[in-house]
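Input: a single structure, listed below in C-alpha cells.
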Amino acid sequence: MKILTANDQELMTILKNMITSYTNSLFEQNVSQEEIETKLGHLISINKCYNENKEIYKTNIINNLYKKLNYTSTIMKDKYIESTRRTLLKIIDDYWISHMETLEINWENAKYYAYSNMDPMEIYERQSIIDLQNMTYYIQNEMITYALDASLKYGDYEIKTNLEEKGVVL
C-alpha cells in the first residue's frame with residue numbers, strides 16, 4: 001500500500017479495495033446476517049441490502065459502502081483526504097507494532113515445541129501467518145469504519161440523514 005504517496009484518487013481506490021476485500025472475507029467465512037449487521041450495520045443498513053442470493057447480497061453491501069465512501073469524501077473535501085491518510089497510517093503503524101511484539105512472544109514460545117518433537121520454526125511460521133492474516137482483517141475493519149463514518153470524525157450527525165437523499169442505503 002502506498003498510502004503516504006498516493007494521490008486523492010489512488011487513496012480512494014485503496015479504500016475501495018479494502019471494502020471489497022473485507023466484505024469478501026466476511027462472506028468467505030460464511031458469517032451470519034446478524035454478524036454482518038454487527039460488523040457493518042453502524043455504516044449502512046444491512047437489512048435494506050439483503051437478498052437471498054449471497055452474491056447479490058454481497059454486491060449490494062459493497063455498492064452501498066462505495067456510495068457512502070464517495071459521499072463522505074465529497075462532503076468533507078480536502079479535510080477528508082488528509083485526515084483519512086493520517087489516520088490510516090496511524091492504524092497500520094499501531095497494528096504493525098503490536099504484530100512485531102506478538103512475533104517476539106511467538107518466537108519465545110516456539111522453542112517449547114522442540115520438547116514435544118515438533119519443529120519450532122514450522123510452528124512459529126504457521127502462527128506468524130495466522131497472526132498476520134488476523135492483523136490484516138482488523139486493519140481493514142478499522143480503516144473502513146474510520147473512512148466511512150464521517151460523524152465519528154467530525155461530529156456532523158446531519159450527514160446520516162442526508163445520505164438517503166443521495167442514494168446511499170442506511
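In table form, for the structure just shown:
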read-out: Failed criterion for Met118 (all others in (1) open to solvent by 80 Å² or more (accessible area, probe 1.4 Å); (2) in a helix (DSSP H, G or I); (3) modelled with pLDDT under 90; (4) of a type outside the set (S, T, N, Q) hold); value: (2)
read-out: Residues located in the range 29-72, provided they are more than 26 Å from Asn134 (Cα to Cα) and open to solvent by less than 20 Å² (accessible area, probe 1.4 Å); value: Cys49, Thr72
read-out: Residues that are open to solvent by 20 Å² or more (accessible area, probe 1.4 Å) and closer than 17 Å to Ile56 by Cβ, drawn from the range 2-28; value: Thr20, Asn24, Phe27, Glu28
read-out: Some residue of the range 11-19 being within 22 Å of Ile129 (Cβ to Cβ), without any contact (Cβ under 8 Å) to a residue 24 or more places away in the chain and out of contact with any His (no Cβ under 9 Å at 6 or more places or on another chain); value: yes
read-out: Selected residue (criterion: nearest to Ile14 (Cα to Cα)) from residues of the range 76-86 that are touching a Phe, Trp or Tyr at 6+ places or on another chain (Cβ under 9 Å) and surrounded by fewer than 17 Cβ atoms within 10 Å (Cβ to Cβ); value: Ser83
read-out: Cross-chain or 6+ apart pairs with Cβ under 9 Å, the range 84-108 first and without any contact (Cβ under 8 Å) to a residue 40 or more places away in the chain and charged (D, E, K, R), then open to solvent by 50 Å² or more (accessible area, probe 1.4 Å) and not in a helix (DSSP H, G or I); value: none
read-out: In the range 87-115, the residues that are hydroxyl-bearing (Ser, Thr, Tyr) and open to solvent by 60 Å² or more (accessible area, probe 1.4 Å); value: Tyr95, Tyr112, Tyr113, Tyr115
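The values are calculated or read from the model by the stated rules, or taken from the named source; none is laboratory data. From a predicted model like this one, the values you see are computed outputs, not experimental measurements. Because the Cβ atoms are built from the backbone with ideal geometry, glycine has one as well, and the counts that use them run over all protein chains shown. The protein model used for the area step is the full one, side chains on, heavy atoms only, and it has no ligands, DNA or RNA in it. Shrake-Rupley method; radii C 1.70, N 1.55, O 1.52, S 1.80 Å.
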